[in-house]
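Q: One structure coming up, written as structure tokens, with questions to follow.
The values are calculated or read from the model by the stated rules, or taken from the named source; none is laboratory data. Source: prediction; values computed, not measured. Glycine gets a Cβ as well: all are built from the backbone with ideal geometry, and neighbour counts include every protein chain shown.
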Amino acid sequence: METSLATQIGDLKLANPTMLAAGILGYTGLSMKTVIDAGAGAVVTKTMGLEPRKGYLNPTVVQTDCGLLNAMGLPNPGIHHFKSEMGKLKKTKAPTIVSIYGFSANEYAQVARKAQTIGADAVELNVSCPHVEKAGAQIGSDPQLLSEIVEVVADNVTIPVIVKLTPNVTNITEIAKVSQNAGADAITAINTLKAMAIDTETGRPILANKFGGLSGPAIKPIALRCVYDIYNAVDIPVIGCGGISNWQDAVQFIQAGASALQIGTAVAFQGLDVFSKITKGVEKYLKSKGFSNIKELVGYAHQF
């Protein structure tokens with residue numbers, strides 16, 4: 001029996017469920033093309049804004065025993081300067097999703113329109129960055145503001161709108177419902193958790209911004225629970241993100257309700273081979289269990 005790894009997120013068609021998460025190798029068209037060539041089913045760019053942003057001073061990244069802690073500050077060249085990079089991806093078959101941020105609904109809409117103009121196949125709204133004031137998680141934890149932003153963006157573009165949620169809220173399912181009701185085509189769960197590191201000898205916070213976002217294996221159980229809860233709460237696809245490092249992790253997220261999977265920190269630790277390793281492992285698992293496609297496995301854990 002032939003097994004298909006193809007999956008769909010709104011109008012986006014992916015040859016396999018793996019995606020490059022925002023913030024990892026998403027700065028240039030060449031780097032993202034390399035990721036696609038390595039086997040990713042889709043790529044998400046570095047988060048882009050209306051104007052160029054330098055981000056925070058170093059140190060911006062700390063390796064922990066169980067992942068990475070970062071406070072980059074959303075450095076980016078500005079969406080207007082990314083057109084040439086997008087051109088390098090036009091001949092690839094994998095969708096390019098542009099991650100965007102703003103400081104108001106109007107600004108999000110402007111960035112989204114420009115992203116569509118330069119060739120984005122979808123936009124992912126970063127309303128969940130835990131270390132940038134007046135943006136990110138401050139928006140993602142305010143249902144009214146989030147609803148306004150998602151609705152305005154959805155009204156201004158014809159490409160799919162994906163909302164990346166923060167786990168730093170009391171009830172993530174309510175935030176997911178708000179996103180769906182406002183016009184989101186899919187949910188990405190989750191972004192990093194607000195965290196910090198301190199130098200033992202000096203007593204100083206290590207990150208220049210003091211606080212950052214924790215990613216990697218440490219947050220996987222939290223991300224898995226969020227995907228499981230959100231799958232029950234909405235009728236739009238869920239993209240799992242958070243600590244996915246191998247095919248077993250991938251299968252668990254799909255069983256929890258994820259239709260696709262974003263991989264970030266594992267790329268830093270394992271290299272680009274992680275995409276093909278996960279894809280091959282998922283395919284082998286599907287065959288061994290008698291599934292003919294990914295869709296049959298999505299949400300499987302909810303029957304128990």
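Q: Of all residues in segment 220-241, which are over 26 Å from Leu12 (Cα atoms) and either free of Cβ contacts under 8 Å to residues at least 40 places away in the same chain or touching a helix residue (DSSP H, G or I) at 6+ places or on another chain (Cβ under 8 Å) (or both)?
A: Pro221
Q: Before we move on, is Ile24 of a type in the set (Val, Ile, Thr) and either in a loop (DSSP other than H, G, I, E, B) or under 14 Å from Ala122 (Cβ atoms) (or both)?
A: Yes: the conditions hold for Ile24.
Q: Which one of these does Lys83 not meet: (1) closer than 19 Å to Gly10 by Cα; (2) in a helix (DSSP H, G or I); (3) of a type in the set (Lys, Arg)?
A: (1)
Q: Something else now. Go through segment 256-279 and give me each residue that's without any contact (Cβ under 8 Å) to a residue 60 or more places away in the chain, in a helix (DSSP H, G or I) and surrounded by fewer than 20 Cβ atoms within 10 Å (Cβ to Cβ).
A: Passing the criteria: Phe269, Gln270, Lys277.
Q: Looking at this structure, is Gly67 among the small types (Gly, Ala, Ser) and either within 18 Å of Cys129 (Cα to Cα) or surrounded by fewer than 18 Cβ atoms within 10 Å (Cβ to Cβ) (or both)?
A: It is true that Gly67 is among the small types (Gly, Ala, Ser) and either within 18 Å of Cys129 (Cα to Cα) or surrounded by fewer than 18 Cβ atoms within 10 Å (Cβ to Cβ) (or both).
Q: So for segment 25-33 (the condition being in contact with a Cys (Cβ under 8 Å, 6 or more places away or on another chain), crowded, with 20+ Cβ neighbours inside 10 Å and either closer than 30 Å to Gly299 by Cβ or of a type outside the set (Lys, Arg) (or both)), does at least one residue qualify?
A: No, there is no match, as no residue in segment 25-33 is in contact with a Cys (Cβ under 8 Å, 6 or more places away or on another chain), crowded, with 20+ Cβ neighbours inside 10 Å and either closer than 30 Å to Gly299 by Cβ or of a type outside the set (Lys, Arg) (or both).
Q: For residues that are more than 15 Å from His81 (Cα to Cα), within 16 Å of the chain's Cα centre (by Cα) and small (Gly, Ala, Ser), scanning just segment 15-26, find the one that is modelled with the lowest pLDDT.
A: That would be Gly23.
Q: A further question follows. For segment 280-295: of the residues being out of contact with any helix residue (DSSP H, G or I) (no Cβ under 8 Å at 6 or more places or on another chain) and in a helix (DSSP H, G or I), which is surrounded by the most Cβ atoms within 10 Å (Cβ to Cβ)?
A: Glu283
Q: Specify which of the listed residues (Ala115, Ala94) is over 16 Å from Val238 (Cβ atoms), in contact (Cβ under 8 Å) with a residue 40 or more places away in the chain, in contact with a helix residue (DSSP H, G or I) (Cβ under 9 Å, 6 or more places away or on another chain) and not in a helix (DSSP H, G or I).
A: Exactly one of Ala115, Ala94 is over 16 Å from Val238 (Cβ atoms), in contact (Cβ under 8 Å) with a residue 40 or more places away in the chain, in contact with a helix residue (DSSP H, G or I) (Cβ under 9 Å, 6 or more places away or on another chain) and not in a helix (DSSP H, G or I), namely Ala94.
Q: Which residues, counting only those in segment 149-170, are surrounded by fewer than 21 Cβ atoms within 10 Å (Cβ to Cβ), modelled with pLDDT of 95 or more and of a type outside the set (A, V, I, L, M)?
A: Within segment 149-170, Glu151, Asp155, Asn156, Thr158 qualify.
Q: Quick one: count up the residues across segment 185-219 that are touching a helix residue (DSSP H, G or I) at 6+ places or on another chain (Cβ under 7 Å), surrounded by 24 or more Cβ atoms within 10 Å (Cβ to Cβ) and either without any contact (Cβ under 8 Å) to a residue 60 or more places away in the chain or not hydroxyl-bearing (Ser, Thr, Tyr) (or both).
A: Matching residues across segment 185-219 total 3.
Q: Condition first: of a type in the set (A, V, I, L, M), at pLDDT 95 or above and within 20 Å of Leu165 (Cα to Cα). Can you find one or more residues in segment 86-95 that meet it?
A: Looking for residues that are of a type in the set (A, V, I, L, M), at pLDDT 95 or above and within 20 Å of Leu165 (Cα to Cα), one finds none in segment 86-95, hence no.
Q: When only residues in segment 27-50 that are of a type outside the set (Gly, Ala, Ser) and in a strand (DSSP E or B) count, which is nearest to the chain's Cα centre (by Cα)?
A: Val44
Q: Of all the residues that make up segment 267-283, how many are modelled with pLDDT of 95 or more, aliphatic (A, V, I, L, M) and within 18 Å of the chain's Cα centre (by Cα)?
A: So the answer is 4.
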